[in-house]
Each structure stands twice: as structure tokens, then as C-alpha cells.
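The values are calculated or read from the model by the stated rules, or taken from the named source; none is laboratory data. These numbers were taken from a predicted model, which means no experiment stands behind them. Counting neighbours? That spans all protein chains shown, and the Cβs are built from the backbone with ideal geometry, glycine included. Ligands, DNA and RNA are stripped out before the accessible areas are found, and what is left, the full protein with its side chains, is counted by its heavy atoms. Shrake-Rupley method; radii C 1.70, N 1.55, O 1.52, S 1.80 Å.
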Amino acid sequence: MMRSLYSGVSGLKTHQTKMDVIGNNIANVNTVAFKSSSTTFTDIMYQTTSGASRATENTGGKNANQIGLGVTSGSTKVSITAAGAAQSTGQAFDIKLTDSNNTNFFIVNNGSENLFSRAGSFYIDGNGNLCMSSTGYMVMGWQVDPTTMDIRKDTVSALRVMNAANMTSAPEATENAHVDGVIDKNDTNVTSDNGYAMSLSFYDNLGYQYTAKFAVRNIDSDNGTYSVELANIYDDDNKDILAEYVAGGGKVSDIFGQDTTAKKTYALQGNFVHGTTDGSISIMQGNKQYDKKDGPIWNEGRGEWLYTFSYNSSTTDTLTFSASEIYGIDKSSLNKDSVLSTAANGSLEQTYDTTNYTLQFSKADGSFQYIGAAGDNSQMLNLTNTLGVQFKDIDVNFQNCLNYDNGGTSTMAADKGDISGTRGVGKKLGTMTGLSVDGTGKIYGSYDNGNTVLLGQIAVAQFANASGLESTGNSCYRTTLNSGDFDGIGVEVTADGGSMNTGQLEMSNVDLSAEFTEMITTQRGFQANSRVITTSDTMLEELVNLKR
């Protein structure tokens, strides 16, 4: 009777332990990444009242007589490899580990040791470190090698993804440009003095922005021949650095184009132009003859050249015609007697120096043929050795241009980057605008100049016996002798086919239906053991009453 009494007591204690475990499971039904536990019972030692005997020739063997002495908790096992359901949060630094065996763990550090967790609710703290939201423990991972700019998988360290160095992204100089669109010979801009204007925005190595102005002119549009001239290069203060370069003794052809000559014809309505025997110019207007008296004089205020002619070699009368600055030409090159010649009745022809590249299209179908010389699809803007070492030379590709009838409207335009628009674009200094984590745990910074920069990678730890980890609370675990050690380096989450899903958290794996069922059986077991005690007590009471 005493044995049954104490067996009942052990049953009560053991079922109470199981109820404690069930209560803890239910309490953590909504705890992120909580792993439920289960209790197994084992019987205690047995009292042997008679031992077993060997069989003889005349008698059989006899089994031992044993009486059990109760029950105890054999183990409390954590269902650590059972994944919880995914909970969508939409937060960039809420990360759910997805792996086939659920044995991957985030590595976090509490300031004195590395711990392990599957609770991926993270945030960026005031020092720019990636940390656990619940505890502030720093998330550990691998850093970027400054030489290769790739991940260096050595000893894990805190991921400080928003330090001063990461807040900006270095600028890049433009190295490529492309020109697309249609040039229409009926576009009045193409046949005007200034030509069809085209702008190219680009960057230097320091991230400063510049604008190159080009002009496309008609040369022989019936045969698909045009010219492309560099007019200006403005910095972000609207200062023409090309003009400064030319004023300092440089030539436009050092930067873009080939030195050549061009002709311009001016109509003088009502005038008759002819050459005299000495090669000078005379103009007949009605019955008046004007002989050229002086060379051209530039009128800064009016933006034109003034050619002075004398009437009958005595009366001075000034005739003017517009000769606005020509793209890529120094005004002084026009100050020559030889630039004027007789062209035809009612017109005056001017020959001047210029710098350009010939842009040739197919007369048959309007497709691009070459720029500069046969076989050339592009020409260089030579900036490094002319305007400064902060620039890179820009290869300007024209192969996608077309010469079509577009209703008198040209659409030709220049843009940064190669013909795919992706390489050699150049960028200004970028300011960080956001962070993101991909499926491998790599953390990227996004910048307002379009750059995406790798900043680090979240590492994970794997254990052969994850159930052997010791829970430390706060959804964290530490290694034990039976779990296996952490090597200090970790592995990539994809090593076993796993991934990291952002915007999600792993929920508790507690199954309420199973817990409630276990609660019922535990309650009945506790109730039955209590009956053993009360029954044993009643029997003892009867035994005591025998004395009466």
C-alpha cells in the first residue's frame, strides 16, 4: 500500500510537469518562431520480490516478481525541426528562414556570446547595426571585401549596414552615349543657320553634371548627307567650358569633329552681286553700285557682322546681313576678305572654317551608314586630355539614327550609356534611399543615383542535432555538448537549398488541437493518480481500524 501511495505521488508530480509544458506551449501560441515541447514519461526502478529461476529437468523456470515504484519525466523534447506557418508583415527586415530540415538559425550576439534564433524580426538601430527587434542582439554575418567588392566569408561579425561609408555611393564618369531617332530633311531647324539642336547630359568622375550641345546641319540632304558639330559644353553653373578651352588656344577638333570648310549663301533681295577685276565685291542695288570698303566688323550688341560698302566710292552706305556665330567656329576666322565671293544674282556666298563629322545615311532606305568615315558607327568626345582628368572620354554611337520623312519634325536625341542604355551611363554622388535583403541573405543599399551596392550578407548556423540546443529565452538558443559546436563562420542559407523570405515571420509551431488533447489526457492521468492516493489512504485507514 505504501508503494502504491508513492507511485501515485510520482504520477501526480509527473503529470504536473507535463501540464507545465503544455501550459508553456499554449502561452507561446503567438510567439514568433516559438518551438513547442513535448514530455515523455519513463517508469522508475522496480522492487524485485523474488528473482527469476532457471529451468531444470523436472521443473520449469520461474520469472522474477517485480513491483514498479512509479513514474518520472523521461525527457522534454523541443520540436525544433517543425516549421511554423508564415506570417506576412510587409516589413523589409522581417525575415523567415525556409529550409527543408528547419535546422538553420540566425546568428545573433548579446555582447558576450553568439546565440542562435529563428525569430527574424530585425531592425536598424541608431548605430546602423542590424539587430533583433525584441532584444537588441546584433545580427551576425559576413562583410564585403573592399578589393573584390564581393562577400568575404570569414568569421561572422556585426552587420553595420548604415555606417558613414555606406550612406553615399561614389559617382561615376560617363563613358558611353548613343544617339537615336529620325532626322528629317524637311525640318526647318536642320536647314537653319543654327542647325537642329541636340543635347547630351553627362557626368565627370566627381559626379558633376555637364551638357554638351550639338548641331545637325544639312549638307546634301538629297543624298542623305548631314554634319554633326559640337557647339558648347556647359557645366552646372551654365559656364561654357568649350568656349574657355578655345579661348585658351585649343581647337574644337581636339574634342570632337574634323576641321573642314563650309559655305553659306545670303539672299540680298533686290540686289545684284558681282565680282570686279581685282576680286573685291560690288553690289548693285537699283542703279547704285556699292563697292566693298572695309572688312567685316563684329557688332556684339546686334550679334552680327557688319560689312561696309561705299556708294560710287564717295557716299558711305552700310549694308548688313546676319552672320551669327557658327557652331564650333571662332568669330575671328570670319574676319577675312577671302570669305566673301560672288555666288549668283541676288545672293552673297560666304566660305568659313568649321569643325564637324559627316553623318551619312543611305539614299535608298534612310538607314545609318557612317559617322565621320565609312565603317565608323561612333566618334569620341575627347575630354580627358583637353578639358581635364576628372573626365572620361565618351564614345558617342550614332548607329540607331534614321533619315526619314517625319512630317517635317526631327526626333534625333542623345542620351547617356551605350546603345543598350546600361553601360557607361555615369552617375552623380548617390544618397542612400533604402535597404533590401535578397533570398540568399545579401543586403543591398539603394541610392538615388540608381546604384545598388552590396553591403553584407546574413549568415546562418546549422546543427546536426538542433534539438540538442539549450533555450535561453527571448527565442534564442545556445549550443550544448549534444547539439554540436558553432565554428564561428557559419554557412550560406542556400547551402541546403534554403532561402530567406523577406516581409514574413515564422509563427509558433504550437498545435492548439494537439495541446488541448494532451491537456485532457494529462488531466485524466492526474485525476487517476489522485484516486490511487485516496484509495491507498482508504486501505490504510481500514488497516488502522483493525485494532478496534
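How many residues does region 207-222 hold that are open to solvent by 30 Å² or more (accessible area, probe 1.4 Å) and either part of a loop (DSSP other than H, G, I, E, B) or at pLDDT 95 or above (or both)?
Qualifying residue count, region 207-222: 4.
Kindly list, by first and then second residue, each pair from a residue in region 44-56 that is open to solvent by 60 Å² or more (accessible area, probe 1.4 Å) to a residue that is part of a loop (DSSP other than H, G, I, E, B) and aliphatic (A, V, I, L, M), limited to pairs with Cβ atoms under 7 Å and residues at least 6 apart or on different chains.
These pairs meet every condition: Met45/Leu69; Tyr46/Leu69; Gln47/Leu69; Thr48/Ala64; Ala52/Ala64.
In region 106-116, what count of residues is obtained for those that are within 17 Å of Ser508 (Cβ to Cβ) and surrounded by fewer than 19 Cβ atoms within 10 Å (Cβ to Cβ)?
0
Six or more apart or on different chains, Cβ under 6 Å: which pairs go from a residue in region 189-206 that's in a loop (DSSP other than H, G, I, E, B) to one that's of a type in the set (Gly, Ala, Ser) and crowded, with 17+ Cβ neighbours inside 10 Å? Could you list them?
Cβ pairs passing all conditions: Gly195/Ala215; Asp204/Ala173; Asn205/Ala173.
Say whether the condition of being assigned to a helix (DSSP H, G or I), within 59 Å of the chain's Cα centre (by Cα) and surrounded by 15 or more Cβ atoms within 10 Å (Cβ to Cβ) is met by at least one residue in region 3-15. Working first, answer last.
Initial filter on region 3-15 (assigned to a helix (DSSP H, G or I)): 3-15.
Cutting the leftovers down to within 59 Å of the chain's Cα centre (by Cα) gives us 14-15.
After this cut, where a residue has to be surrounded by 15 or more Cβ atoms within 10 Å (Cβ to Cβ) as well, the list is 14-15.
Looking for residues that are assigned to a helix (DSSP H, G or I), within 59 Å of the chain's Cα centre (by Cα) and surrounded by 15 or more Cβ atoms within 10 Å (Cβ to Cβ), one finds at least one in region 3-15, hence yes.
Would you check which residues across region 172-196 are closer than 29 Å to Lys427 by Cβ and small (Gly, Ala, Ser) and list them?
Passing the criteria: Ala173, Ala177, Gly181.
Can you tell me which condition Lys428 does not meet? The list is (1) within 23 Å of Met162 (Cα to Cα); (2) within 21 Å of the chain's Cα centre (by Cα); (3) open to solvent by less than 40 Å² (accessible area, probe 1.4 Å), and all the others hold.
Condition not satisfied by Lys428: (3).
Does Gly90 satisfy the condition of being without any contact (Cβ under 8 Å) to a residue 40 or more places away in the chain, over 24 Å from Gly468 (Cβ atoms) and open to solvent by 50 Å² or more (accessible area, probe 1.4 Å)?
Considered against the rule, which asks whether it is without any contact (Cβ under 8 Å) to a residue 40 or more places away in the chain, over 24 Å from Gly468 (Cβ atoms) and open to solvent by 50 Å² or more (accessible area, probe 1.4 Å), Gly90 comes out as no.
Name the residue that is nearest to the chain's Cα centre (by Cα), counting only residues in region 517-540 that are within 14 Å of Ser4 (Cβ to Cβ) and of a type in the set (D, E, K, R).
Arg531
Within region 431-471, take every residue that is among the charged types (D, E, K, R) and in a strand (DSSP E or B) and give me the one that is surrounded by the most Cβ atoms within 10 Å (Cβ to Cβ). Give the steps one after another, and end with the answer.
Step one: filter region 431-471 for residues among the charged types (D, E, K, R), giving 438, 442, 448, 470.
Those still in the list that are in a strand (DSSP E or B) too: 442, 470.
Values: Lys442: 19, Glu470: 14.
Looking at the filtered set, the residue picked out is Lys442.
Residues in region 117-148 that are in contact (Cβ under 8 Å) with a residue 60 or more places away in the chain, open to solvent by 10 Å² or more (accessible area, probe 1.4 Å) and farther than 15 Å from Thr502 by Cβ: how many?
So the answer is 6.
Val156 versus (1) among the β-branched types (Val, Ile, Thr); (2) in a loop (DSSP other than H, G, I, E, B); (3) crowded, with 19+ Cβ neighbours inside 10 Å: which is the lone unmet condition?
Failed condition: (2).
Mind checking which residues of region 235-263 are assigned to a loop (DSSP other than H, G, I, E, B), over 20 Å from Asn218 (Cα atoms) and open to solvent by less than 60 Å² (accessible area, probe 1.4 Å)?
Result: Asp235, Gly250, Ile255.
With the structure loaded, tell me whether Leu505 is over 28 Å from Lys13 (Cβ atoms), touching an Asp or Glu at 6+ places or on another chain (Cβ under 6 Å) and among the hydrophobic types (A, V, I, L, M, F, W, C) or whether it fails that test.
So Leu505 passes the test.
For region 148-178, enumerate the residues that are aliphatic (A, V, I, L, M), closer than 22 Å to Asp125 by Cα and modelled with pLDDT of 90 or more.
Val156, Ala158, Leu159, Val161, Met162, Met167
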